[in-house]
Amino acid sequence: MVGNFPIAANLISFFTEIGALSHFAGRFFKELFSRPFEFREFLRQCYQMGNKSLVLVGITGFILGLVFTLQSRPTLLEFG
């Protein structure tokens with residue numbers, strides 16, 4: 001806290017976060033367009049992430065389907 005000014009402390013914190021985020025975005029785009037492009041590694045990691053998350057996505061989809069079914073059943077019964 002800067003003295004008795006909590007607004008000043010919040011502003012300093014806000015601008016510090018904005019600065020850090022801007023720095024990260026700048027580094028990200030610099031690295032994104034610099035050589036060497038490791039396209040094979042990118043594809044390998046995409047495949048691994050997709051392959052390892054398939055079970056989680058399937059279970060989540062199943063549970064969401066159950067919830068939607070339970071929520072919409074009463075309304076659908078009214079309309080036959």
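The values are calculated or read from the model by the stated rules, or taken from the named source; none is laboratory data. Since the structure is predicted, the reported quantities are computational estimates derived from the model, not experimental observations. A quick note on method: Cβ atoms are made from the backbone with ideal geometry, for glycine too, and the neighbour counts reach across all protein chains shown. The accessibility values were calculated without ligands, DNA or RNA, using every heavy atom of the protein model including side chains. Shrake-Rupley method; radii C 1.70, N 1.55, O 1.52, S 1.80 Å.
Being outside any helix (DSSP H, G or I) and open to solvent by 100 Å² or more (accessible area, probe 1.4 Å) is a description that does not apply to Phe42. Just one of the numbered conditions (1) open to solvent by less than 100 Å² (accessible area, probe 1.4 Å); (2) part of a helix (DSSP H, G or I) is not true of Met49; which one? Going through (1) open to solvent by less than 100 Å² (accessible area, probe 1.4 Å); (2) part of a helix (DSSP H, G or I) one by one, Met49 breaks only (1). In region 54-80, the qualifying residues are those that are more than 28 Å from the chain's Cα centre (by Cα) and of a type in the set (S, T, N, Q), and the one that is modelled with the highest pLDDT is Ser72. So for region 23-44 (the condition being within 21 Å of the chain's Cα centre (by Cα) and among the polar types (S, T, N, Q)), does at least one residue qualify? Checking region 23-44: not a single residue is within 21 Å of the chain's Cα centre (by Cα) and among the polar types (S, T, N, Q).
Taking residues in region 24-35 that are in contact (Cβ under 8 Å) with a residue 40 or more places away in the chain, and partners anywhere that are exposed (fewer than 10 other Cβ atoms within 10 Å of the Cβ), not one pair has Cβ atoms closer than 8 Å while being at least 6 places apart or on different chains.
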